[in-house]
Amino acid sequence: MLKGKKIVLGITGSIAAYKAASLVRLLVTRGAEVKVVMSESATQFITPLTLSVLSKNTVYTSFEDGNNGWNNHVDIGLWGDVMVIAPASANTMAKMIQGICDNFLMACYLSAKCPVIYAPAMDRDMYLHPATIQNIETLSSYGNILIEPNEGELASGLQGKGRMSEPEEIVAFLEDFFTPIDSKLLGQTVLINAGATIEPIDPVRYISNHSTGKMGYAIAEAAAKRGAMVILVSGKTQLSTTHPNITVKHVTTANEMAQVCFDHFSESAVAILTAAVADYAPVNVASQKIKKSDEHITLELKKNIDIASELGKRKKTSQLLVGFALETENEEAHAAQKIVKKNLDFIVLNSLNDAGAGFGTDTNKISVIHRDGSRSNFELKSKAKVAEDILNEIEKLLP
Ligand code: CTP
């Protein structure tokens, strides 16, 4: 997959720069053409000569070419099929966000028309800092693609996340990146809702449920990898995503979730409703904290809108609507009723009776029940693999 690919490799100042030698070697042995661009501080960790020998190319460290001429950053930015910044230091990530052009590498980054992939390397606490978390989100909004660092021992001696991905992992990522996508979801808009809704009782209390959003986020990632443009309507969750194909819309209540889903349904080829939507919400939301008074109090609840049923009414024949059901008893009959009531194309059933399935776990055991009553059962597996199974079922139904 990498044969003949033109790769601009940006190297910034981090101890992980020593791994760039192996990375260049692996890329070149797979037939890629590599042009290395280094920041000045990167040259203190590894010499341009080493990388020039391994890449069989000139290494660029500044605007001057050493012969009274200049290096044209625009040419390099336009030459690459991809620009890979590995290691990407915290400093360079911040500069990428601001567009600070104080070295040749940044000039190439700003001129690059090709996709940019970056592999951060930094100490644990730097990676966990809100500024870095925010920077990763911003870079993802620019379309820059993150190769997440690994957990392990860091140069500082601390343990944690921040080790740059290994050269073999970066090469595997690039091979995957250049593998043409063969999926019916390529270019399709997919609407997914995920997580729990929150129904306020007063300014400090609410009704919600145990959903963590893991299944919905896993499906969003898997669909994005298949080339879908995903709109992820997210209720309460600790999760985040940086995939450039995923647009996250954060919501709180069932009504807000419904509104955002309705807004985006008509443009979507598929909607997958994984969210645990609260069925009821308080009739009155107190404007002040409710004070403790009688031994018993009654909270009056009213039925929330059923997002799935409403989308089922609006569904065109060209659209697919997939629901989820978490049942504790009489599961198959309940799931089958929901298919009809909500006009779903199929329902994904998970049972709280299965160990390893349901809220908060990293695994799930599902069955898919179709409109005609046919049922496919799947083994217990990671939510990432379950997401692939669900998308495969969807692809079988797409034209
Ligand atoms: N759902 C929805 N809006 C609601 C409730 C549920 O869109 N207000 C969706 C869920 O996201 C899920 C499907 O409907 O895809 C089934 O949810 P579930 O809670 O199992 O069904 P309910 O209709 O709420 O039925 P019950 O709680 O009585 O089992």
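Just a few scattered comments:
- Cα gyration tensor shape for the range 150-292, rounded if a/c is under 1.5, else prolate or oblate: oblate
- Antiparallel DSSP beta bridges within the range 189-397, percent to nearest 5: 40
- If you plug the beta carbon distance of residue 114 and residue 262 into 1/(1 + (r/R0)^6) with R0 = 56 Å, you get a FRET efficiency near 0.90.
- Exposure proxy ranking for 217, 206, based on other Cβ atoms within 10 angstrom of each Cβ and starting from the fewest, stands as 206, 217.
- C-alpha center-to-center spacing [the range 1-27, the range 232-290] in angstrom: 41
- P(r) of the range 209-280 over all Cα-Cα pairs, binned every 10 Å from zero, in whole percent: 19, 57, 22, 1
- Counted over the chain, the DSSP beta bridges are approximately 35% antiparallel.
- Simple spin-label estimate for residue 355 and residue 67 gives 7.1 nm between the two label positions (7 Å along the Cα-to-Cβ direction from each Cα).
- Taking other C-beta atoms within 10 angstrom as a stand-in for reagent exposure, 79, 70 fall in the order 70, 79, fewest first.
- Annotation: peptides 224-232, 279-287, 192-200, 255-263, ranked by per-residue average of other Cβ atoms within 10 Å with the highest first, follow the order 192-200, 224-232, 255-263, 279-287.
- Fully extended contour minus Cα-Cα distance, from residue 395 to residue 6, at 0.36 nm per residue: 136.7 nm
- Between the range 308-372 and the range 39-94, the alpha-carbon center distance in angstrom: 52
- Stokes-Einstein diffusion coefficient of the chain, Kirkwood radius over Cα pairs, 4 °C, 1.567 mPa s, in µm²/s: 55
- Pairs beyond 28 Å (Cα-Cα), from 236/289; 214/315; 6/385; 225/396; 3/383: 6/385; 3/383
Laboratory data are not the source of any read-out in this text; all were calculated from the coordinates shown. This one's a predicted model, so the numbers in the text were calculated from it and none came from an experiment. All Cβ positions, even for glycine, are placed from backbone atoms using ideal geometry, and neighbour counts span all protein chains on display.
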